[in-house]
1. Partner chain Cβ atoms within 10 Å, averaged over the residues of A:60-72 - can you pull that number for me?
2. P(r) of segment A:23-85 in 10 Å steps, Cα pairs, percent per bin?
3. Could you please report the charge total around B:F85, scoring K, R as +1 and D, E as -1 over all other residues with beta-carbon less than 10 angstrom from its beta-carbon?
4. Can you give me the long-range amide H partners of B:E96? Hydrogens built in the peptide plane at 1.01 Å from N, cutoff under 5 Å, separation of 5 or more residues or another chain.
5. Test of understanding: ordering A:V58, B:V119, A:V40 by Cβ neighbours within 10 Å, fewest first, what list do you get?
6. Around A:A19, under 12 Å between beta carbons, what's the net of Lys plus Arg minus Asp minus Glu among the other residues?
7. Using the alpha-carbon centroid of each, what span in Å lies between segment A:77-95 and segment B:36-98?
8. I'd like the mean, over residues of B:8-16, of how many other protein chain beta carbons sit within 10 Å of each residue's own Cβ.
Amino acid sequence: MTTYHLDGLAALGDPTRRAIFERLADRPSAVGELARDFPVSRPAVSQHLKVLKEAGLVMDRAAGTRRIYQLDPEGVGALRAYLDQFWNRSLAAFKAAVEQPEEDS
Amino acid sequence: MTMQATDTSVRTSITVEAPIERAFSLFTEGIGTWWPPEHHILEAELAEMVFEPRVGGRILDRGVDGSECAWARVLVYEPPARVVFSWDISLSWQIEADHEKTSEVEVRFTAESTERTRVELEHRHIERHGEGWEQMQAAVSPPNGWNLQRFADAARAA
């Protein structure tokens, strides 16, 4: 479980990968659609999807000649990984803000 | 695959060099000073984040054009020790209108000294969003998907 968890976190550490993951949460998509909507090449999108898939966050299925990518339906784990990463980053930002000397006034 | 109760929560904590009152007020009413800037739902440029400091209050993003996006409801407000708010956001950063499908975040503040505060955060009932996902997938895959798809489209168009 721990390994899966860390894989998920590591996979979502990359901003482009996180954006692709969020997009797939919105709607399942083929590689070509993702390459069209993100400023990265098709091979780069494929590579990101491979990492997300290996981390257990994303799965794919055949639809005719295309492969449609979507979040893994056992994806509570995926959401946990996402939120874990989100809150760790946010609390670090909170710490930085709260420890700043008060400058208003 | 069975989930244990703990599998549907995320827990994290941090210790900050600040008095408990300041930690609590910056976490709540000062949320706009630390919330990750890329995580907003508004279409318009963000003017401010507002945390209404009472039970039943809302946490919302306000745009420069006056538009508002309320993405949380304050469920418990006990300064400076504890606050609980709902998480009315789907994973794709859209507002979840069905409160049955929202999770909640509890934040507890403990004074370790007059100048040091421990902040413990638990984001729980994450599985409630999961139920939404399954329906969302059901709505997307077969041809006769129903209202969740319409909701998703409406949310995207809004």
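Only the coordinates and a few stated rules stand behind these numbers; no lab work does. Small disclaimer: the values here were computed from a predicted structure and weren't measured. Ideal geometry is used to build each Cβ from the backbone, glycine not excepted, and the neighbour counts take in all protein chains shown.
1. Numbers: counts 0, 1, 0, 1, 0, 0, 0, 0, 2, 0, 5, 6, 1.
What the average comes to for A:60-72 is 1.
2. Percent of pairs per bin, in order: 22, 54, 22, 1.
3. Working: positive: B:R58, B:R73; negative: B:D88, B:E104, B:E106.
Around B:F85, the charge tally is -1.
4. B:I89, B:S90
5. Values: A:V58 25, B:V119 22, A:V40 15.
Neighbour counts put them in this order, fewest first: A:V40, B:V119, A:V58.
6. On the way: positive: A:R17, A:R18, A:R23; negative: A:D14, A:E22, A:D26, A:D37, B:E38.
Its environment carries a net charge of -2.
7. Segment A:77-95 and segment B:36-98 have Cα centres separated by 17 Å.
8. Numbers: counts 4, 3, 10, 2, 9, 2, 8, 1, 7.
Per residue, the number of nearby Cβ atoms from other chains is 5 on average.
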